[in-house]
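Structure first, commentary second.
No value in this document is a laboratory result; all are computed from the given coordinates. Here the structure is a predicted model, which is why all the values come from computation and not from measurement. A quick note on method: Cβ atoms are made from the backbone with ideal geometry, for glycine too, and the neighbour counts reach across all protein chains shown.
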Amino acid sequence: MGLSPTEYRLMLPMVELTIFALGILLIDLIVPREWKWINATGAFMGVLFAGVCVAQIQWALPRGGIGFLNSLLVDRFAIYFWYLFLAGAAIAILMSVRYLDIENEHHGEYYALMLLSVVGMMCMAAGIDIVLIFIGLELMAISTYVLVGFLRRDRRSNEAALKYLLLGAFSSGIFAYGLSLLYGLTGTTNLLLIQRAVSRMDPHNPVLIIALLTTMVGLLFKIAAIPFHQWAPDAYEGAPTSITGFMSVAVKAAAWAMLLRILLFGLFPLRTVYTPMIVFVAIATMTGANLAALTQNNTKRLLAYSSIAHVGYMLLAFVAMGTSQPGTPGFLDGLKGILIYLMVYTFMNLGAFAVITSLRQRDVIGDELDDLAGLYSRAPAEAVLMLLFLLSLAGIPPAAGFLGKYYIFLSLIESGHYVLASLAVFYVLFGLYYYLKIANAMFICQPLVSERLPISLGMRAALGITALATIVIGVYPEPFIRSVNWSLGIAQASHVAAVMK
Amino acid sequence: MQSHILSIILFTPLLGAFVLLFVPGTNKAAIRWIANIFALGGFLISLPLVPMFWAQRFDATQQFKFVEGATNNWIPSIGAGYMLGIDGISFLLIMLTTLLGWISILSSWAAIEERVKEYYVWFLILQTGMLGVFMALDFFLFFVFWEAMLVPMYLLIGIWGGPRKLYAAIKFFLYTLLGSVLMLLGILFLYFHHHTVTGVFTFSIPDLYKTAPQIPFASAVWLFLAFFLAFAIKVPMFPFHTWLPDAHVEAPTAGSVILAGVLLKMGTYGFVRFSLPFFPSVVMDSRVRGWMIGLSIVGIIYGALVSLMQKDMKKLVAYSSVSHLGFCTLGIFALNSTGLSGSVLQQVNHGISTGALFLIVGILYERRHTREIAEYGGISNVMPVYATITMIMFLSSMGLPLLNGFVGEFTILAGAYTANWKWAAWAVPGVILAAAYLLWLYQRVFFGPVTNPKNEKLQDLTPRELLTFAPLVILAFWIGIYPKPFFQILEQPVNQLVQTIHDNAKNSPVNAQAAPLGEKGSNR
């Protein structure tokens, strides 16, 4: 069987990223220690080229393309997520250069693994076949297990990696079990065919329910929803800060892409069965994460819980979507809400992690709340940007985070979930409280050390991009809303729209 | 051709904040001058609005004047637009805001010594946020200003505040946010309802005016409550007032002036602009109205009684605000044009007199660094000019004839009397109590011999401080002696508002059972 030119084109970004990853591993062998920044440059170039390739697909194949025995579906939905992954990776690379230098762990493997995990994510977002999705998931997961434990001399990092690996492997096993049951029931691994087969089955068939439950456990584990979240705070705290940022946005976005693909494509006929469970999970996630975040004194851990709380909000949009008829405003705004939230979240959360990363100095770990004390007098620009990111995370307009919350609340109102909406806005207050804890430390408390904070060029770029995106999306969201509409094919028909009909 | 005067007024302070960013933080004198120039400039730029508005004060052909922007030119995808416009009510509040903004910034000259640049930057941003709230004709835009304004106020209290500033700042932020997020849900409901009725997604307030009154009573009452909570916290109405004393006591003087003078008015403005025209059937409902009036009267009496007991001057003034704002809400829910116009005028009066009272307290605090009433006595001997101005403002605040407070309170009481004489009867003790706590405060602080040796060498008002009081004193006399122009400005919008409430309440489907989008169940 030969590959068609379209198929070559569709896999080009992934191939290109893999080549760069392997190239970095080779080059790393020969460059001396003080030239290690070449690895970062190489990785950044790789991401840029991949972005160009994706843009070419976008231009050349406006209706998307399908290939590899109908397993890889590069529609606008996938392209949207690909851009998100690449943006997240690019910013994380900018954050990493100096950080790795300080940690004395400047190895090429770091960037190679990062690029490989992006390849995995791309497979997850574009996979329409459960085998491809699973392979993508494992490629991403294994790369991140290693990255979490990358600080091999740091015990916290080792602990985090081991926990993440054990729990992650376990959940992958359950997930694979669910997928295999689905295959057994339907006789196919293609999500669209699964959907067709499932829609003809009794939704209360016990085997089908077991398959659904086990699949959902895997999916909810990956997005770190309560009660499958225990790995997240530990992994986030122990991982190198730049990787924590990367995990909290790109890995999470990939998990969401996979969740939407499986639940909205393959298992869409079962939505009356899984939506009640999601309601429960969403409430538990918001409640648990917001309460737990209130008492944290470690900023990385605090932001870990806050990112779990954000998953809770997104799950609410999913609920609004699952309970509305396809094509109604509640359904569309719910789906748009999730995509916009992920985009906004990519920038604001990476920005917040960039500030925390920059606090890492030779002798300071910089992830305790006290390390932020008086940041305003040590690094005014960073403190103001951090304030912007925190307000955005809390959902205060005109920062971008408000737009995500707006769509989620709107979809809840449109689908008639007034109680859930009230609960969600109530938890916004909790969120504001713990974000203000950080703001208080930065602006109101006195600094413990007085010397100014040096900021590297890469970090400046990372902060600049994230801050600009947070402000621009907040103040002029029109083009970004359009891009989401485009990705969902609301403007024109596409595969997703076909499914939604 | 569209006039852009509103945008110019709106963004002048923000421009000032932007300019300040480029001034080195060590050059305090330059920063102060620039901030004051932009604050005064913001006020002067708003002055041409007066003759322009005066010329069309009776023009009933258009509800909002100086409209600029369009209904969905900002975010067409969701139907949000940059649309500004004012009527007589918002015109008065905008003029009050620009004036008080300038006075507050002028009064901070000597009071703020640390982190001067930041202070003025946040203050100017706050000024733009407040103006935006009064000008916005688009709900999305309104909400952005409404929320964005909280951040600078939080920082003003949190950084330059008193000993318990952290507690006060967080309490202020969380409390106000609680109300506004519920209001957001209400806004989204109105937005979606408009779409169900007309098929158009828009946040335009004039458009929503047409559809919102058609919401059945069963849903409208919940919406009213969501909006009510946001505004009642902001006003603050009893029992949502507990954030106010903390915020006022801890805030720097200028912060208190703005908080009392302008921020509290956003709650009453919200009632007038949104609650009344959106939910006429609810506000006309006797139970809801009874609760509103009841809470207002309780606020009037309770605020006054608590003021009597205060040992801290600033706390006394803060609680007196609760009492005075009770009058404003009483006037609003009297739901006749007398009460409403009295209420809006009293909002302006409260901004003038309570703003001045906070400045007065601030001046003593700057000199002695204490606000304990017991620390003072016989101040009129050492600071005669100060004592005179204080007397004028106290009399204005307690409602003495020929001063502004009298006109406002009298009109409100007249309106309440027309609606139900018992309401007026219950509110009147508030006036008497106001006289009691203010005069008693005056007696303890100003009369008698100088008991505390630390008070013997206090400096009287400097020319700059005198300048901050001058416009307030002039306005107090003007409104007190010749309030006719103010009532003329308010006449058209208030009459129109009362008319639409009564019309809509008659036509609206009271107690209709079938809610088109309510009552679908909560979670499933």
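Beyond 20 Å, what share of the Cα-Cα pairs of region B:364-512 remains, rounded to the nearest whole percent? Intermediate results must be reported in sequence, preceding the final value.
Working: 7002 of 11026 pairs.
Roughly 64 percent, once rounded to a whole number.
May I ask you to derive the FRET efficiency for residue A:35 and residue B:369 from their Cβ-Cβ distance with R0 = 56 Å, giving the value to the nearest 0.05? Working shown, then result.
Working: r = 60 Å, r/R0 = 1.08.
E(calc), rounded to 0.05, equals 0.40.
Between rounded, prolate and oblate, where does region A:353-396 land on the alpha carbon gyration tensor, with a ≥ b ≥ c its root eigenvalues, rounded for a/c under 1.5, else prolate if a/b exceeds b/c?
Details: a/c = 2.22, a/b = 1.72, b/c = 1.29.
Since a/c reaches 1.5 and a/b is larger than b/c, the shape of region A:353-396 is classed as prolate.
For region B:113-242, report the convex hull volume of the alpha-carbon atoms normalised per residue, in Å³, without decimals. Intermediate results must be reported in sequence, preceding the final value.
Values: hull volume 13.2 nm³, N = 130.
Measuring per residue, one finds 101 Å³ for the Cα hull of region B:113-242.
Give me B:165, A:405, B:506 sorted ascending by neighbouring Cβ count inside 10 Å, so fewest comes first.
Numbers: B:165 22, A:405 27, B:506 11.
By the 10 Å Cβ count, ascending, the order reads B:506, B:165, A:405.
Using a basic spin-label model with each label point 7 Å from the Cα along Cα→Cβ, how many nm lie between residue A:104 and residue A:460?
2.9
Could you list the residues of region A:31-70 with an amide nitrogen less than 16 Å from a label point located 7 Å from the Cα of residue A:486 in the Cα-to-C-beta direction?
From region A:31-70, the list is A:51-65.
Taking a quarter of the surface of the Cα convex hull of chain B, what do you get in nm²? Before the final figure, lay out each step's value.
On the way: hull surface 95.5 nm².
Averaging across all directions leaves 23.9 nm² for the Cα convex hull.
Describe numerically, in nm with one decimal, the distance between label points set 7 Å from Cα along Cα→Cβ at residue A:26 and at residue B:287.
7.9
List the aspartates and glutamates whose Cα sits under 16 Å from the Cα of residue B:484, skipping any in the same chain fewer than 8 residues away.
Output for residue B:484: B:409.
Given a cut-off of 26 Å, name the pairs among B:265/B:314; B:117/B:315; B:65/B:210; B:28/B:457; B:165/B:234; A:36/A:222 whose C-alpha atoms lie farther apart than that in the structure shown.
Working: B:265/B:314 19 Å; B:117/B:315 28 Å; B:65/B:210 18 Å; B:28/B:457 28 Å; B:165/B:234 19 Å; A:36/A:222 32 Å.
Violating the 26 Å limit, Cα to Cα: B:117/B:315; B:28/B:457; A:36/A:222.
Once both axes come from the Cα atoms, what is the angle between helix A:380-394 and the longest principal axis of chain A, in degrees from 0 to 90, rounded to 10?
Between the helix axis and the principal axis of chain A, the angle is about 30 degrees.
What's the percent breakdown of Cα-Cα distances in the protein assembly as shown across 10 Å bins, shortest bin first?
Once binned at 10 Å, the Cα pair distances of the protein assembly as shown give 2, 11, 19, 22, 18, 13, 9, 4, 1, 0, 0.
Roughly how compact is chain A, stated as its Cα Rg over 2.2 N^0.38 Å to two decimals? Walk me through the numbers on the way to the answer.
Working: Rg = 21.5 Å, N = 501, 2.2 N^0.38 = 23.4 Å.
Cα Rg divided by the expected 2.2 N^0.38 Å: 0.92.
Could you work out [θ]222 nm for the protein assembly as shown from helices alone, using -39500 (n - 2.57) per DSSP H run of at least four and dividing by all its residues? Round to the nearest 500 deg cm²/dmol.
Numbers: 44 runs with 739 residues, N = 1025.
Helices in the protein assembly as shown give a 222 nm mean residue ellipticity of -24000 deg cm²/dmol.
Which order do the peptides B:484-493, B:218-227, A:53-62, B:42-51 come out in when sorted by mean C-beta neighbours inside 10 angstrom, highest first? It would help to have the intermediate numbers written out before the result.
Working: B:484-493: 18.4, B:218-227: 20.9, A:53-62: 15.2, B:42-51: 16.7.
Put in order of decreasing packing, that is B:218-227, B:484-493, B:42-51, A:53-62.
If I take R0 = 25 Å and measure r between the Cβ atoms of residue A:45 and residue A:377 in this structure, what FRET efficiency does the formula 1/(1 + (r/R0)^6) give, to the nearest 0.05? Spell out each step's value before the answer.
On the way: r = 38 Å, r/R0 = 1.51.
Efficiency, rounded to the nearest 0.05: 0.10.
Where does each of A:345, A:274 land when they are ranked from fewest to most other beta-carbon atoms within 10 angstrom? Please report the intermediate quantities before stating the final value.
On the way: A:345 27, A:274 22.
Sorted ascending by nearby Cβ count, the order is A:274, A:345.
I want the local charge near residue A:215. Using Cβ-Cβ distances under 15 Å, sum +1 for each Lys or Arg and -1 for each Asp or Glu among the other residues.
On the way: positive: A:222, A:261, A:271; negative: A:129.
Around residue A:215, the charge tally is +2.
Going by average Cβ density within 10 Å per residue, which order do the peptides B:318-325, B:496-503 take, highest to lowest? Intermediate values should be presented prior to the final figure.
Numbers: B:318-325: 27.4, B:496-503: 16.5.
Sorting B:318-325, B:496-503 by mean packing, highest first, produces B:318-325, B:496-503.
What list of ³J(HN,Hα) values in whole Hz, one per residue of region B:178-185 in order, does the Karplus curve 6.51 cos²θ - 1.76 cosθ + 1.60 (θ = phi - 60°) give from phi, with Gly and Pro shown as x?
3, x, 6, 5, 5, 4, 4, 4
Hey, rough spin-label estimate for residue A:294 and residue B:488, points 7 angstrom out along Cα→Cβ, what's it come to in nanometres?
5.7
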